[in-house]
Amino acid sequence: MWKRLDDSLIECEKFAQLPFSADMLYFLMLSQVDSRGRFPAAPPWIKARVFTLHENVTVDHIKDALVQLAAVKLIHVYKAGDDRHYLVYHNHDKYNPPGALKNFPPRYPPPPADMCKCLTDQAAAALVCKHCNGKRTFYDPKRKENYPCPRCTATEVRA
């Protein structure tokens, strides 16, 4: 699945605070996260999926890098209803709006909406519009055609 890598990441001061190993983890994990920027936060899982051929990278290296990424708020780690820990990229939807990746449903459970302001948009996107009941269109008898719901868009609401 293609993900957008914005130029502003290069100028992000948060990366200047991190060691190279945390930077590498951030960018290599980006290829593995689902359409909503989520991924299991279990270091052995990350080792198996992201650093498959890197024998010199240990689970402890990954743990340290995850702590460093979370400390500067490049990722958020949360516990889902299945008692597993997951991570979500900060502002993932800002650069990869849900409509752009609409053919790829999320694979991992959503984070709590109150964790960060950047996640409030994700939680709102998971809600079904009460105006059109998630259909996103209305039938206009005058025009004899469907038209988009005036209170939501396809990128904001999914059925």
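The values are calculated or read from the model by the stated rules, or taken from the named source; none is laboratory data. Bear in mind the structure is a predicted one, so any value in this text is a computation, not a measurement. All Cβ positions, glycine included, derive from the backbone under ideal geometry; neighbour counts span all protein chains shown.
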Quiz prompt | Only listed residue being surrounded by 12 or more Cβ atoms within 10 Å (Cβ to Cβ) and in a loop (DSSP other than H, G, I, E, B), chosen from His54, His61 | solution = His54
Self-check item: Residues that are at pLDDT 90 or above and assigned to a loop (DSSP other than H, G, I, E, B), drawn from region 20-51
Solution: Ala41, Ala42, Phe51
